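Please read the structure below before turning to the comments.
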Amino acid sequence: MLIVKTSSMGDVVHALPVVRDILTAHPGAQIDWLVEEAYADIVRAHPGVRRVIPLALRRWRKQFWRADIRQEWRDWRAQLRAQTYDAVIDLQGLVKSALIARLARGPLYGLSWASSREALAPLFYAHRQKTALHRTEAAVPRYRALVAWALHYAPQGKPQYGLSLQAPRPDWLLGDAPYVVLLSATAKDRKLWDEARWIALGLALAGQGMRCVFAWGNAAERARAERLVAAVNTAAPQATVGAALAAPAAFDLAEWMRVLRAAGAVVGVDTGLLYLAAAVGTPAVAIYTGSSPHSVEFESAGPWRSLGESGQQPAVAEVLQATQAVLAAGSSDSA
């Protein structure tokens, strides 16, 4: 069978539990996954996925006038159509994803007219889910319910993300002090936590012997991370100067998964790397400021705390207390 869930990072993570669900209900099932090439490393880390089919639609669209790009598209389409599937299940729910899914050989399953994110997407499905799922319902149970309906089983138990990952401490992180990854950046400004609060949290964690690694993924995020690092290290007592640092590079996802997995904890705003950290089992604290935790209802693979609400920033003391709690829970789980 083929799962079509192309993006974004957080949504791909939220869809991972369907693999364990399928294999529990249908032992021996062979599962392929079609995903945007930027997020393919996430799916590759799941041992239950037989084949990952990277989709480069964003790159192809920008350069489709080039002969080599058009040939790459034709080769990709031929590879996709080389196999006939018992079921092709579109978890994306967009016209674009439905059209891509139709290229695969096999009956196409998708959301109902009432549940689809785009009104015309169900037009392309051979089979539409009968039960209407509200679009504001949390993503993980929505994805599990759609696949369970398509393959005739009932999901059992808590979601299992199933990522298999060995993660030694990064070479660039000198010393042996435990470290916390701080995810202060997000594409939507309304989801940010005030910089003054990040600085106060970094100082508190440094005072407790933790290294604080501020993550970044582009030039603007790097500037923000370096600004926060400088502020923490400037205000820190002499004994803890240097306890905060910015990640040394814009890592690819495979490297980020290792960095997140080896961390003592991850604290972050509502962004894809936060859910990736939780999916690999790292204790995590989610800070919500421009979105609601109730719209996510994320069930983590490790210790997890959600704080804040849309329009309500949690206090530094709350975040510090939650971080200490997940660190302690993570230590007891590994003992």
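The values are calculated or read from the model by the stated rules, or taken from the named source; none is laboratory data. Quick caveat, the model's predicted, so the values are computed rather than measured. Here the Cβ positions follow ideal geometry from the backbone for every residue, glycine too, while neighbour counts run over all protein chains shown.
Key figures
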quantity	calculated
Answer from Val181, Val140 - the residue that is in a helix (DSSP H, G or I) and among the β-branched types (Val, Ile, Thr)	Val140
Candidate set: the stretch 1-34, residues that are assigned to a helix (DSSP H, G or I) and surrounded by fewer than 19 Cβ atoms within 10 Å (Cβ to Cβ); chosen: the one modelled with the lowest pLDDT	Asp11
Options Ser300, Ser306, Ser291: the member that is assigned to a strand (DSSP E or B) and of a type in the set (Ser, Thr, Tyr)	Ser306
Test: Pro170 is modelled with pLDDT under 95, part of a loop (DSSP other than H, G, I, E, B), surrounded by 13 or more Cβ atoms within 10 Å (Cβ to Cβ) and in contact with an Asp or Glu (Cβ under 6 Å, 6 or more places away or on another chain)	no
Tally of residues being buried (at least 22 other Cβ atoms within 10 Å of the Cβ) and without any contact (Cβ under 8 Å) to a residue 40 or more places away in the chain across the stretch 204-215	4
Cross-chain or 6+ apart pairs with Cβ under 8 Å, the stretch 224-239 first and modelled with pLDDT of 95 or more, then of a type in the set (Phe, Trp, Tyr) and assigned to a helix (DSSP H, G or I)	Leu228/Trp198
Lone unmet requirement of (1) without any contact (Cβ under 8 Å) to a residue 24 or more places away in the chain; (2) of a type in the set (Lys, Arg); (3) within 30 Å of Ala219 (Cα to Cα) for Arg128	(3)
Selection within the stretch 231-261 - among the β-branched types (Val, Ile, Thr), more than 17 Å from Ala279 (Cα to Cα) and in a helix (DSSP H, G or I)	Val232, Thr234, Thr240
Selected residue [surrounded by fewer than 23 Cβ atoms within 10 Å (Cβ to Cβ), part of a loop (DSSP other than H, G, I, E, B) and in contact (Cβ under 8 Å) with a residue 12 or more places away in the chain] from Pro47, Pro54	Pro47
Residues located in the stretch 73-107, provided they are over 20 Å from Leu146 (Cα atoms) and of a type in the set (Ser, Thr, Tyr)	Thr84
Search result, residues across the stretch 122-142 that are crowded, with 20+ Cβ neighbours inside 10 Å and at pLDDT 95 or above	Tyr125
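Table: residues versus (1) within 19 Å of Leu274 (Cα to Cα); (2) in contact (Cβ under 8 Å) with a residue 40 or more places away in the chain.
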{"site": "Val4", "(1), (2)": "no, yes"}
{"site": "Met9", "(1), (2)": "yes, yes"}
{"site": "Val19", "(1), (2)": "no, yes"}
{"site": "Pro27", "(1), (2)": "no, no"}
{"site": "Gln30", "(1), (2)": "no, no"}
{"site": "Leu34", "(1), (2)": "no, yes"}
{"site": "Val43", "(1), (2)": "yes, no"}
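Residues checked against (1) at pLDDT 95 or above; (2) surrounded by fewer than 16 Cβ atoms within 10 Å (Cβ to Cβ); (3) under 25 Å from the mean Cα position of the chain (by Cα); (4) not in a loop (DSSP other than H, G, I, E, B):
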| site | (1), (2), (3), (4) |
| --- | --- |
| Arg70 | no, yes, no, yes |
| Ala82 | no, yes, no, no |
| Asp86 | yes, yes, no, no |
| Ile89 | yes, no, yes, yes |
| Gly93 | no, no, yes, no |
| Ile100 | yes, no, yes, yes |
